[in-house]
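Let me begin by presenting the structure, written as structure tokens, before commenting on it.
Each reported figure results from applying straightforward, stated rules to the coordinates on display, with no laboratory input. This is a predicted model, so every value here is computed, not measured. Cβ: placed from backbone, ideal geometry, glycine included. Neighbour counts: every protein chain shown.
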Amino acid sequence: MSLVSLVKIRKEAEIKKGITDALDLTQYKLPTNIKNIVIKPNLCYYWDYTTGQTTDPKFVAALIDLIRERTTPTVDISIVESDASAMKCKYAFKMLGYEKLAADYKVKLVNLSQDPYETAQVTAGKQSFNLMIPKTIQKADLKINVPKIKYTMENIKLTCALKNIYGCNPYPKKYRYHSRLGEAIVAINKALKFDLHIIDGNIVSGIQPCRLGLVMASVDPVAIDAAAAEIAGINPKTIKYLQLAKNEGLGNTTYIPKGEPINQFKKGYPKKNIKNKLMNNAYTLVIRAGLGKRLGLE
Amino acid sequence: MKTVKLGIIGLGYIGKVHLRHSLKIKNACVLAVADLSKKALNKAKKAGVKKIFTNYEQLLKEREIDAVIIGLPTHLHLQCAKQAAEAKKHIFLEKPIARNIEEAKEILSTAKKNSVRLMIGYPLRFNTAFRNLKKEIENGIVGDVEIAHAAYISTGPFLHRAEAHTPIPVPEWWFKKELTGGGALIDLGSHIINLLRWYFGEITDIKSLLGYRFNLDLEDSATCLAKFEKGTRAVINVGWFSQGYHLKIDLYGSVKTASAQHTPSNPILTAVQMLTTGTSKFYQPHYAELQYFVNCIINDQSPSPSGEDGLKDLETITQAYKNQISLD
């Protein structure tokens, strides 16, 4: 079983200590003999961190400080993201505060959709994918994932560590994979194995944004997602892609929690109630029936 | 009674709203639409539009068309409106009238020279709550309005789909000040300034404090202080920064206070309204303004808000941009 740490922070000034404690609880040591590090935050559209939808640049800044303290001050750091159907990195980096972060901390911003890439044939479950593998990620000595915990309207139920790596797919029209999204998420994680996963759970989205003050860390993306699912009130066993990820050798769905008790975060997470679940199901049905526009919902 | 034959130019977000309504308004029919998107054009054809064009100049050559509804990005208003006027088409033009005063004046002079009607799309003027508020002011029910508070806070162009919070792509021109003429102040502020001018007459002085939360070249919020010729002072807050939607006017008069607001319906009510009436309560003012525009053409009347209104609003906004204040 893998270790998953859970740390409570009470204010923004404690973010760096929260990350430090979370890493120490997982007994993870940052390698010192590295040259290139990639950090993948979750940038979703142009919604800033206060919505709980995107990684707070202050969280990434604290992580960069810690990395430089524990490795070398000159280590080369790239923050990576790719264009999506509705989001262009050049605007997201600017609007969400990452351009300023890059200037202040002298790190690179890389739009993976414009990065050189190689292709790789990867299978997950019964599906096969021809994936683009960005060079910046391929050549990195250390890959750190900094996701958010979010519900999603798609049938995968939860967006967290594994799903955030799906955002490294340089192909902007990601809806192309949505009919087999679970398999695509697992395939990309097989191709781009990230070394460390640190969840920015200071503000989480849930059914509404909420300051949860949570920092989680693990080297196992499946385990950290299973713990995140429990916090969000979802039984990890009902998330099919987590089971697939486990079967494909990406990690374990069982874990050993370290640090604060998980229940305190479960209580605080703004979970879906019956009304939300009914509305979501009704909405999904309407959209699938192609009635969204006619009913003014799209 | 005459049927007004309409052409719709631009099938982006607002163009689609206008198309949906134009197909239902009385004494009008949509003869043609023009847009670069073949997908949007095909949908329009399926909805019953006879002719579709990827070039609006071809649409303007259609002799049968009496009037055009222009829902293009702001930087294309001048060229399109001028060509429409020269083709002797009456014009319904989305706000803001143009990117700058020079362009707005050119649109006005071309419309005048060619004797075509020009109306600017300000749907708040057709919203029942805001119309009732005007009646209260005119009938002396509020007394002398000393102070007005107006707020229009929304996502701006950063829209998401109603329930799912699934993001909708933002057209690139929205990010470029040289194409939009400005940010939240010109986009949302033009609605508020037009409405307040309708209530209280001309603005004699205006100052602005602009916000740049999203680090763009254009402002994503603005607070304006305005003084009207009749003495009313107004605080105007507009912003693109919120996932919430708030559009409200509060009036503080010598007799009483009064308010009006525009609120989105819940998704279930919207779905029912869409099925029964073809539009939702939220978009009812958009429907009403098009019906009014068509009636103006049939009755040979000058529409209001007019092109002159659009110019005056833009002059006021330009003054607000020039008179920026800062707070430490």
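For the stretch A:2-288, the alpha carbon convex hull comes to 119 Å³ per residue, rounded to a whole number. If the label point is 7 Å along Cα→Cβ of A:I34, which residues in the stretch A:170-193 have backbone nitrogen under 16 Å from it? Residues A:192-193 fall inside that zone. Sequence-distant contacts, meaning Cα pairs under 8 Å at least 6 residues apart, place the relative contact order of chain A at 24 percent. The GluC sites (Glu not before Pro) of the stretch A:87-154 meeting both criteria, a DSSP state outside H, G, I, E and B (loop) and at most 16 other C-beta atoms within 10 angstrom of the site's C-beta, are A:E154.
For B:K45, which lysines qualify as cross-link partners when the Cα separation must be under 21 Å and same-chain residues fewer than eight apart are set aside? Correct list for B:K45: A:K293, B:K5, B:K16, B:K24, B:K26, B:K61. Across A:K126, A:K267, A:K143, mean-square fluctuation computed from a Gaussian network of chain A (C-alpha pairs under 10 Å connected) peaks at A:K126.
When you restrict to C-alpha pairs under 8 Å that are six or more residues apart and normalise by the size of chain B, the relative contact order lands at 20 percent. Per DSSP H run of at least 4 residues, take -39500 (n - 2.57); add these up for chain B, divide by its residues and hand me the 222 nm value, nearest 500 deg cm²/dmol. -10500 deg cm²/dmol, from helical runs alone. Simple point charges give the picture: +1 on the Cβ of Lys and Arg, -1 on the Cβ of Asp and Glu, and for the protein assembly as shown a dipole about the Cα centre of about 1980 debye.
Gyration tensor over the Cα atoms of the stretch B:102-225: the corresponding equivalent ellipsoid has semi-axes (square roots of 5 times the eigenvalues, largest first) of 27, 22, 17 Å. Among A:T74, A:T50, A:I64, pick out the residue whose Cα is farthest towards the positive end of the charge dipole of the stretch A:2-288, where Lys and Arg carry +1 and Asp and Glu carry -1 on C-beta, about the Cα centre. Result: A:T50. Looking at the P(r) of the stretch A:139-219, how many percent of alpha-carbon pairs lie beyond 20 Å? Across the stretch A:139-219, Cα pairs with separations above 20 Å total 37 percent. For the stretch B:86-164, the fraction of C-alpha pairs more than 17 angstrom apart is 68%. In terms of its C-alpha gyration tensor, the stretch B:1-46 comes out prolate, because a/c is 1.5 or above and the ratio a/b outweighs b/c.
Pop out the Kirkwood hydrodynamic radius of chain B from its pairwise C-alpha distances, inverse of mean 1/r, in Å to one decimal.
Over chain B, the inverse of the mean reciprocal pair distance is 20.4 Å.
Between the listed residues B:P167, B:I147, B:I101, the Cα displaced farthest toward the positive end of the dipole of the stretch B:101-181, a dipole computed from Cβ unit charges relative to the Cα centre, is found at B:I101. Each Lys and Arg adds +1 at its Cβ and each Asp and Glu adds -1 at its Cβ; summed about the Cα centre, the stretch B:29-166 shows a dipole of about 760 debye. Relative contact order of the stretch B:189-319: what whole-number percent is it, with Cα pairs under 8 angstrom and at least 6 residues apart? Answer for the stretch B:189-319 is 19 percent. Between B:L59, A:F129, A:L6, the Cα set farthest toward the positive side of the dipole of the protein assembly as shown (charges on each charged residue's Cβ, about the Cα centre) is that of A:F129.
Only aspartates and glutamates eight or more places from A:K58 in sequence, or on another chain, were considered; those with a Cα closer than 16 Å are A:E12, A:E14, A:D48, A:E99, A:D104, A:D200. Only the Cβ atoms of Lys and Arg (+1) and of Asp and Glu (-1) were treated as charged; on that basis the dipole of chain A about its Cα centre amounts to roughly 820 debye. For the peptides B:212-221, A:7-16, B:45-54, B:72-81, the ranking by packing is B:72-81, B:212-221, A:7-16, B:45-54, with the highest mean count of neighbouring Cβ atoms within 10 Å listed first.
With springs only between Cα atoms under 10 Å apart, run a GNM on chain A and tell me which of A:I224, A:I165, A:I239 wobbles the most. With Cα springs under 10 Å in chain A, the top fluctuation among A:I224, A:I165, A:I239 is at A:I239. Pairs from the table (A:K88/A:K150; A:K16/A:K258; B:K113/B:K207; B:K227/B:K248; B:K135/B:K256; A:K143/A:K267) lying more than 25 angstrom apart at Cα are B:K113/B:K207; A:K143/A:K267. Using the structure shown, list the pairs from A:K100/B:K176; B:K88/B:K134; A:K35/A:K106 with a Cα-Cα distance above 24 Å, or answer none. Too far apart for the 24 Å limit: B:K88/B:K134.
By the rule of a C-alpha distance below 13 Å, with chain neighbours fewer than 8 residues away ignored, the aspartates and glutamates paired with B:K51 are B:D35, B:E62, B:E64. Projected onto its three principal axes, the C-alpha set of the protein assembly as shown covers 79, 54, 46 Å, listed from the longest axis down. Shape analysis of the stretch A:70-121 places it in the oblate category; the axes a ≥ b ≥ c from the Cα gyration tensor give an a/c of at least 1.5, with a/b not above b/c. With a ≥ b ≥ c the root eigenvalues of the C-alpha gyration tensor of the stretch A:62-163, is it rounded (a/c under 1.5), prolate (a/b larger than b/c) or oblate? Judged from the Cα gyration tensor, the stretch A:62-163 comes out prolate (a/c at least 1.5, a/b above b/c). Three principal axis extents describe the C-alpha atoms of the stretch B:245-306; from largest down they are 41, 35, 17 Å.
Taking A:A86, A:A61, A:A217 as the candidate residues, the one with maximal mean-square fluctuation in a Gaussian network model of chain A, Cα springs under 10 Å, is A:A86.
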